[in-house]
Structures are given as C-alpha cells and as structure tokens.
1. Restricting things to alpha carbons, find the Rg to Rh ratio for the stretch 2-175 using the Kirkwood radius for Rh.
2. Label-point separation (nm) for Met185 and Glu70, each offset 7 Å from Cα along Cα-to-Cβ?
3. Which residues does the label zone of Thr128 cover in the stretch 91-113, counting backbone N under 18 Å from a point 7 Å along Cα→Cβ?
4. So what is the calculated 222 nm ellipticity per residue for the chain, using -39500 (n - 2.57) for each DSSP H run with n of 4 or more, over all residues, to the nearest 500 deg cm²/dmol?
5. If the cut-off is a Cα-Cα distance under 27 Å, which lysines reach Lys26, setting aside same-chain residues fewer than 8 apart in sequence?
6. How much length is gained if the chain between Glu117 and Ser80 is pulled fully straight, taking 0.36 nm per residue apart and subtracting their Cα-Cα distance, in nm to one decimal?
7. Using the 10 angstrom Cβ neighbour count as an exposure proxy, how do Ser52, Ser134 rank, fewest first?
8. How many angstrom lie between the Cα centre of the stretch 41-67 and the Cα centre of the stretch 122-187?
Amino acid sequence: MYDILIVGAGPAGSSAAIFAAKAGKKVLVVDSDQSVTKRAWVENHYGVPQISGPDLLETGKKQAAKFGAEFVQGKVSGISRGEDGFKVQADETSYEAKHVILATGFLLDLAEASGLETVPGTEPRVKTIFKTDSAGRTNIAGIWAAGTCAGVSVHTIITAGDGAKVAINVISEINGERYVDHDVMKA
C-alpha cells in the first residue's frame with residue numbers, strides 16, 4: 001500500500017512527488033504520458049533561463065525518483081474506496097493508496113467514473129476542473145487535486161507550485177501536524 005498515489009507526472013504531479021517522497025512517504029506516480037508540457041518551450045521559470053517541456057518533465061521525474069518516488073506508465077480509469085484507503089485502477093493493474101492526488105492537467109475523465117465533483121474551468125481552453133477547497137481537497141476525503149485540473153493557471157511554474165502545496169497539505173494530514181521542508185546549505 002502506498003501512502004500517496006499521484007495521477008499524472010506533469011509539473012504538478014512530479015512536484016507533489018518530490019515533496020511527498022522527500023518527506024519519507026511511499027509514493028507512486030501513474031502517468032499516461034499525455035502532458036501538454038511535452039509540447040512546451042519554457043522561458044518564464046524562476047531560476048531557469050530556458051528549458052524544453054520534455055526536459056522539464058524528465059528533470060522533475062528524476063528529482064522525485066532521487067527521493068524514492070516510483071513511476072509507472074498507465075492510464076487510470078477509476079478510483080474506488082478500498083479497505084484502508086483507495087483502489088486505483090490503471091490499465092490491467094490496480095494499486096492501493098491511503099491518499100490520491102490528481103494532477104491530470106486538462107484530463108478530467110476520472111470525475112464521472114469516481115464520483116468526483118466538477119465545476120466550470122476559468123482558464124482559456126480549460127472547460128471543467130475538479131471542485132476543490134483551498135487546500136486541494138475534493139468532495140471525497142482522501143482524494144486531492146493539484147494543478148490545472150484543480151483550477152490554477154496553466155503555467156508550469158504555477159502548476160508545479162500547486163502540486164507542492166497540495167503535497168504539503170497531504171503530508172501534514174498524514175503526520176497530524178504542519179509539515180515544512182526547508183533545506184539549508186551545508187558549510
């Protein structure tokens with residue numbers, strides 16, 4: 001059983017995976033390899049002069065894997081309540097997790113299949129988003145959403161930040177106290 005299963009390895013999903021794995025949580029990221037970031041050229045990331053979308057995605061995955069996050073390719077088709085959390089169906093395989101973070105970008109096909117509430121999107125070309133509170137919680141306790149699918153701006157730096165925010169909120173809930181991750185330079 002995973003502590004946190006993340007659906008989507010774009011900027012929001014991989015950023016959530018970095019924080020969750022670095023916090024010592026057992027993390028699985030299931031990705032369908034459909035991120036719109038694969039077609040991006042990015043020159044507006046703080047601290048990064050320029051980077052291609054594919055390179056940004058690969059760097060994020062490597063960072064998360066460095067801390068122990070696992071990645072598998074697959075398309076998640078449903079999420080249901082399990083014995084001690086959730087059962088996530090991806091292609092021919094199912095996974096169990098205590099918490100799920102949806103970072104599916106423009107793709108919301110899981111909503112109807114899993115009983116998740118949606119609302120109209122506010123970004124151009126984003127018709128529908130998961131209904132969340134300010135922490136990223138959906139209408140189903142234990143299922144969270146981050147990034148474009150949760151209604152934040154489609155800009156990669158913003159979706160990455162939202163993924164980190166939601167992961168910190170999930171980690172805090174698991175730990176029973178506010179989680180903070182600050183690294184300092186070693187002398």
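A short reminder: the numbers here are calculations on the coordinates, not readings from a lab. Worth saying up front: this structure is predicted, and the values here are computed from it rather than measured. FYI the Cβ positions are ideal-geometry reconstructions off the backbone, even for glycines, and counts take in every protein chain you see.
1. Working: Rg = 14.5 Å, Rh = 15.6 Å.
Ratio of gyration radius to Kirkwood radius: 0.93.
2. In this crude spin-label approximation the distance works out to 3.8 nm.
3. Of the residues in the stretch 91-113, 102-113 have backbone N under 18 Å from the label point off Thr128.
4. Details: 4 runs with 51 residues, N = 187.
Computed mean residue ellipticity for the chain: -8500 deg cm²/dmol.
5. Lys38, Lys61, Lys62, Lys66, Lys75, Lys87, Lys98, Lys131, Lys165, Lys186
6. My answer for the length gained is 11.9 nm.
7. On the way: Ser52 14, Ser134 7.
Fewest to most other Cβ atoms nearby, the residues stand as Ser134, Ser52.
8. 18
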